[in-house]
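S.K.: Here it is, the structure in full.
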Amino acid sequence: MLKWALIFLVVSLVAGALGFTGVASGAKTLAKILFGLFLLGFLILILLAWGAGELIF
């Protein structure tokens, strides 16, 4: 998911540099959403791993 967020970020930067503001805006929004989902999933997995560590030790 992080890979796709970075791809959309690059698409947004290139489209913005070329003057395609509508495409850049859409790609920026998708990049932000995907990065948010990645961050949320990462934090949930960290909390689950920490909880499992507490159960083992």
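S.K.: Roll a 1.4 angstrom probe over the protein heavy atoms and tell me the percent of accessible area of the chain that is carbon or sulfur. Write out the running numbers ahead of the final one.
M.R.: Values: 3760 of 4580 Å².
The C+S portion of the solvent-accessible surface of the chain is 82 percent.
S.K.: Read through the labelled values [x] 1.62; [y] 1.31; [z] 0.94 and report the label of the one computed as Rg/Rh (Cα atoms, Kirkwood Rh) from the structure.
M.R.: The value matching this structure is [y].
S.K.: Moving to a separate point now. Heavy-atom accessible area per residue, the chain, 1.4 Å probe: how many Å²? Could the numbers behind the result be given before it?
M.R.: Numbers: 4580 Å² over 57 residues.
Heavy-atom SASA per residue in the chain reads 80 Å².
S.K.: Apply the Karplus parameterisation 6.51 cos²θ - 1.76 cosθ + 1.60, with θ equal to phi minus 60°, to every residue of region 46-52 and state each ³J(HN,Hα) to the nearest whole Hz, in sequence, with x for glycine and proline.
M.R.: 5, 5, 5, 5, 5, x, 5
The values are calculated or read from the model by the stated rules, or taken from the named source; none is laboratory data. The model shown is predicted, which means the values in this text are computed figures rather than measured ones. With ligands, DNA and RNA removed, areas are computed over all heavy atoms of the protein, side chains included. Shrake-Rupley method; radii C 1.70, N 1.55, O 1.52, S 1.80 Å.
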